[in-house]
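Here is the structure we will look at, set down as structure tokens.
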Amino acid sequence: MGRHRLTSRPWIGVGIGVLSVVVLTLAVSPFRDHLSRAIPALLLVLPVVAAGVLGGRAAAVATAVVATVALNIGFIPPVGSARVAVPDDAVALVVFGLVALTVGTLVALEEDRRRAAEQRAEEINAMHARFQALVAEREHLRQEADRVAVMEQVDVQRAALLRSVSHDLRTPLSSIRAVASDLRSGEVHSDAVRHELLGLVCVQAERLDRIVANLLSLSRIEAGAFQPDRQAVDLEELVREVTSRLQPLFDDDAIRVDCHLGRDLPLVDVDYVQIDQVLSNLLENAARFSPPGGAVHVHAVAGAGAGAGAGPVGRPSGNGSTGCVEVSVSDEGPGIPPPDLARIFEPFRAGRAAQDSVSGVGLALCKAIVEAHGGMITAANNPAGGARLCFTLPVRHG
């Protein structure tokens, strides 16, 4: 469309230029005896400029020729004739023609450059608009791809959750059902056997309660509604209470729990219930992988600070600083496969984490709780064998 407009404009320029020359000549002719010859010449340059602006170089040249003829016939003696009687008038006429041609050509070229610049600017703006549209479309596609990826991940986790729930809940439920069926059979049991059976029911019921609590806590974390209610907590008392409550987990396989708590541990600034949940999950996880006759070790020592962590993973710093308290739980089992070390705290992961309660929900929950308290949790393998999980908690000040 732009090129078609440019090819049709010269005719408009020629028409307007010639018409302007005729009008100026007729308007000024009655006063030619009272005007110097330079004034009509200057006035007749104006149509050439207008033709160059409107019609380009060709229109300017054509108008300049017409203006030269009009100057000769209308203002150079003998008026009304194309002859030039005086050589000076001939030179003036030639000079006017050259000046008109030069001015018209320069104006036309400048106008062409202006039009070309405007056309390039329009093309650039159009390209920019298309680019913005492509960027917006790309962003939309990226968001759609992210949404699809999230939905696929949610589907994967939902499938893993369903598999895990069906397995992890079924195991304690089967034990409870077996004990209930045995007690309902009418068979007479001794007090010791009946006490043992009822103790098994209690242990499995507590295990069910921990699984459900982990699931509920994880859902609260994902909803952003899981905030610690901090208070001053005696960590030694908390560790001993948790290990005492979970002792039935270790009795069957004669697994012992060794607690090595540093002297004069400072109070920690934590949510008692949440840290109880962390220790319960770590101890249950360690018990699951400890061999019969093995031991689970719990260490606690004052550390450098929640941001410092354990230095080498799982090794207490023992520098006496009161920035944080460092707690580690280790077992004597097969350890953690190296590929799982970097992802053991992610929920619904395969590997050793898959055997954690609800496919790693327990360890994922531990990580979320510890980080919500400003600490960090890490995993490593002991040189002598077994896994070591270490986390830090902030010290209570004031």
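Looking at Val270, Val233, Val193, can you tell me which residue is over 18 Å from Val329 (Cβ atoms) and either in contact with a Ser or Thr (Cβ under 7 Å, 6 or more places away or on another chain) or at pLDDT 80 or above (or both)?
Details: Val270 fails: over 18 Å from Val329 (Cβ atoms); Val233 fails: over 18 Å from Val329 (Cβ atoms).
So the residue among Val270, Val233, Val193 that is over 18 Å from Val329 (Cβ atoms) and either in contact with a Ser or Thr (Cβ under 7 Å, 6 or more places away or on another chain) or at pLDDT 80 or above (or both) is Val193.
Which one of these does Thr68 not meet: (1) in contact with a Gly (Cβ under 7 Å, 6 or more places away or on another chain); (2) surrounded by fewer than 18 Cβ atoms within 10 Å (Cβ to Cβ)?
Tallying (1) in contact with a Gly (Cβ under 7 Å, 6 or more places away or on another chain); (2) surrounded by fewer than 18 Cβ atoms within 10 Å (Cβ to Cβ), Thr68 fails exactly one: (2).
Select from the range 93-123 the residues that are aliphatic (A, V, I, L, M) and open to solvent by 50 Å² or more (accessible area, probe 1.4 Å) and list them in ascending order. Give the steps one after another, and end with the answer.
We begin by selecting, within the range 93-123, every residue aliphatic (A, V, I, L, M); these are 93-95, 98-101, 103, 106-109, 116-117, 121.
Result: Val94, Val95, Leu98, Val99, Leu101, Leu106, Leu109.
Looking at (1) under 30 Å from Arg113 (Cα atoms); (2) over 60 Å from the mean Cα position of the chain (by Cα), which one does Ile73 not meet, given that it meets all the others?
Failed condition: (1).
Please find, within the range 322-336, the residue that is surrounded by the fewest Cβ atoms within 10 Å (Cβ to Cβ) out of those that are of a type outside the set (Gly, Ala, Ser) and under 27 Å from Gly293 (Cα atoms). I'd like the intermediate steps shown before the answer.
As a first pass, look at the range 322-336 and keep what is of a type outside the set (Gly, Ala, Ser): 322, 324-327, 329, 331-332, 334, 336.
Among the residues that remain, those that are also under 27 Å from Gly293 (Cα atoms) are: 326-327, 329, 331-332, 334, 336.
Values: Glu326: 28, Val327: 30, Val329: 25, Asp331: 26, Glu332: 20, Pro334: 14, Ile336: 20.
By that ranking, first place goes to Pro334.
So Ala82 passes all but one of these: (1) of a type in the set (A, V, I, L, M); (2) part of a helix (DSSP H, G or I); (3) surrounded by fewer than 19 Cβ atoms within 10 Å (Cβ to Cβ). Which condition number does it fail?
For Ala82, the failing item is (2).
Go over the candidates Arg163, Arg138 one by one and state the one that is at pLDDT 80 or above and surrounded by fewer than 17 Cβ atoms within 10 Å (Cβ to Cβ). Break it down stepwise before answering.
On the way: Arg163 fails: at pLDDT 80 or above.
Every option except Arg138 fails the conditions.
Among the residues of the range 252-299, which ones are closer than 17 Å to Ala384 by Cα and among the charged types (D, E, K, R)?
Across the range 252-299, the qualifying residue is only Asp258.
Every residue, every condition in (1) farther than 30 Å from Leu43 by Cα; (2) modelled with pLDDT of 90 or more; (3) out of contact with any helix residue (DSSP H, G or I) (no Cβ under 9 Å at 6 or more places or on another chain); (4) among the basic types (Lys, Arg), yes or no:
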site: Asp112; (1), (2), (3), (4): no, no, no, no
site: Glu123; (1), (2), (3), (4): yes, yes, yes, no
site: Val154; (1), (2), (3), (4): yes, no, yes, no
site: Ala159; (1), (2), (3), (4): yes, no, yes, no
site: His167; (1), (2), (3), (4): yes, no, yes, no
site: Ser175; (1), (2), (3), (4): yes, no, no, no
site: Val179; (1), (2), (3), (4): yes, no, no, no
site: His189; (1), (2), (3), (4): yes, no, no, no
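If Ala27 passes every condition in (1) within 17 Å of Leu101 (Cβ to Cβ); (2) open to solvent by 40 Å² or more (accessible area, probe 1.4 Å) but one, which one does it miss?
(1)
Could you figure out which of (1) modelled with pLDDT under 85; (2) open to solvent by 10 Å² or more (accessible area, probe 1.4 Å); (3) more than 23 Å from Thr378 (Cβ to Cβ) isn't true of His260?
Looking at each condition in turn, His260 falls short on (3).
Are any of the residues in the range 65-74 among the small types (Gly, Ala, Ser) and over 18 Å from Ile16 (Cβ atoms)? Working first, answer last.
In the first step, residues of the range 65-74 are kept if they are among the small types (Gly, Ala, Ser); the result is 67, 70, 74.
Those still in the list that are over 18 Å from Ile16 (Cβ atoms) too: 74.
Taking every residue of the range 65-74 in turn, at least one turns out to be among the small types (Gly, Ala, Ser) and over 18 Å from Ile16 (Cβ atoms).
Only residues that are in contact with a Gly (Cβ under 7 Å, 6 or more places away or on another chain) and open to solvent by 10 Å² or more (accessible area, probe 1.4 Å): list them for the range 44-54, please.
Listed by number, the residues that qualify are Val49, Ala50, Leu54.
Just checking, does the range 244-251 include any residue being open to solvent by 70 Å² or more (accessible area, probe 1.4 Å), of a type outside the set (A, V, I, L, M), part of a helix (DSSP H, G or I) and at pLDDT below 75? Walk me through how you get there before you give the answer.
Taking the range 244-251 and keeping what is open to solvent by 70 Å² or more (accessible area, probe 1.4 Å), we get 244-245, 251.
Retained after the next criterion (residues that are of a type outside the set (A, V, I, L, M)): 244-245, 251.
Now restrict to residues that are part of a helix (DSSP H, G or I): 244-245, 251.
The next check asks that each one be at pLDDT below 75; those that pass are 251.
So far as the range 244-251 goes, yes, one or more of its residues are open to solvent by 70 Å² or more (accessible area, probe 1.4 Å), of a type outside the set (A, V, I, L, M), part of a helix (DSSP H, G or I) and at pLDDT below 75.
The values are calculated or read from the model by the stated rules, or taken from the named source; none is laboratory data. Treat the numbers as computed from the prediction; the structure is a model and nothing was measured. Please note: Cβ atoms are built from the backbone with ideal geometry, for glycine as well, and neighbour counts cover all protein chains shown. Protein only, heavy atoms only, side chains kept; ligands, DNA and RNA dropped before computing areas. Shrake-Rupley method; radii C 1.70, N 1.55, O 1.52, S 1.80 Å.
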